[in-house]
1. May I ask you to say which residue of Ala44, Ala62, Ala94 is at pLDDT below 95 and either of a type in the set (Phe, Trp, Tyr) or within 28 Å of Pro140 (Cβ to Cβ) (or both)?
2. Within segment 44-146, considering only strands (runs of 3 or more DSSP E) that don't extend past its boundaries, which have at least 2 residues that are surrounded by 17 or more Cβ atoms within 10 Å (Cβ to Cβ) and polar (S, T, N, Q)?
3. Report every pair of residues separated by at least 6 positions or lying on different chains whose Cβ atoms are under 9 Å apart, first residue within segment 9-30 and of a type in the set (Lys, Arg), second in a loop (DSSP other than H, G, I, E, B) and modelled with pLDDT of 90 or more.
4. So in segment 1-41, with the set limited to residues that are at pLDDT below 90 and within 16 Å of Leu76 (Cβ to Cβ), which one is surrounded by the fewest Cβ atoms within 10 Å (Cβ to Cβ)?
Amino acid sequence: MRLCATAALAGLTLAGCVTSHVMVGVARPPISPDQVKIYLQPPAVPYERIAILETSSRESLAFTAQGKTDAVIARLKGEAAKLGANGVLLQGLADRPGGSVGVGIGNTSYSGSGAFGLGLGTSAVMMQKSGSGIAIYVEPPASKKP
C-alpha cells in the first residue's frame with residue numbers, strides 16, 4: 001500500500017513539471033540563464049550536447065502568442081543554465097491544446113398549462129505553446145594574446 005502511495009505521489013509530481021530534460025552528455029556547473037544563447041541553426045564552431053529539453057507555456061499566465069513563446073524560450077534557457085549549457089539549439093515550437101473553458105446559462109418557467117426552458121452554452125479551447133531544444137555547450141572563443 002505504501003509503495004502504491006509513493007508511486008502515485010511521484011507520478012503527480014512529474015505530471016506537474018513544466019520543463020523536463022533527458023541527459024545525453026555531461027552536465028557542467030550551473031550558470032545564469034542570461035548567459036544562454038538560443039541557436040536556430042547549429043553553431044559553426046564545435047559544441048557538446050548536454051541534454052534534450054522539453055517545455056511548455058503552461059502555468060505562465062501569458063495570453064498572447066508572443067508571450068507564450070517568450071515563456072517557452074525563458075524556460076528552455078533556465079533549464080539549460082541549470083545544466084551548465086551556454087546554448088540551446090532550438091528544435092521546434094508548436095501550439096497544443098491545454099484545456100477548455102465552458103460557460104452555460106439556462107432558464108425555465110412553469111405554469112399550470114406547461115413548461116418552457118431555454119439554455120445557451122459556449123466553450124473555448126485554451127492553447128499552450130510547447131517547445132523543444134538541445135542544451136549545448138559552445139566553447140568560448142580563445143582570447144587573442146598580444
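1. Working: Ala62 fails: either of a type in the set (Phe, Trp, Tyr) or within 28 Å of Pro140 (Cβ to Cβ) (or both); Ala94 fails: either of a type in the set (Phe, Trp, Tyr) or within 28 Å of Pro140 (Cβ to Cβ) (or both).
None of the others qualify; the one that does is Ala44.
2. Details: elements: 47-56, 87-111, 114-138.
By residue number, 47-56, 114-138.
3. Hits for this filter: Arg28/Leu83; Arg28/Gly84; Arg28/Ala85; Arg28/Asn86.
4. Here the answer is Cys17.
The values are calculated or read from the model by the stated rules, or taken from the named source; none is laboratory data. As the structure is a computational prediction, the values presented were derived from the model and not from experiment. Virtual Cβ from ideal backbone geometry, glycine too; neighbours counted across all protein chains shown.
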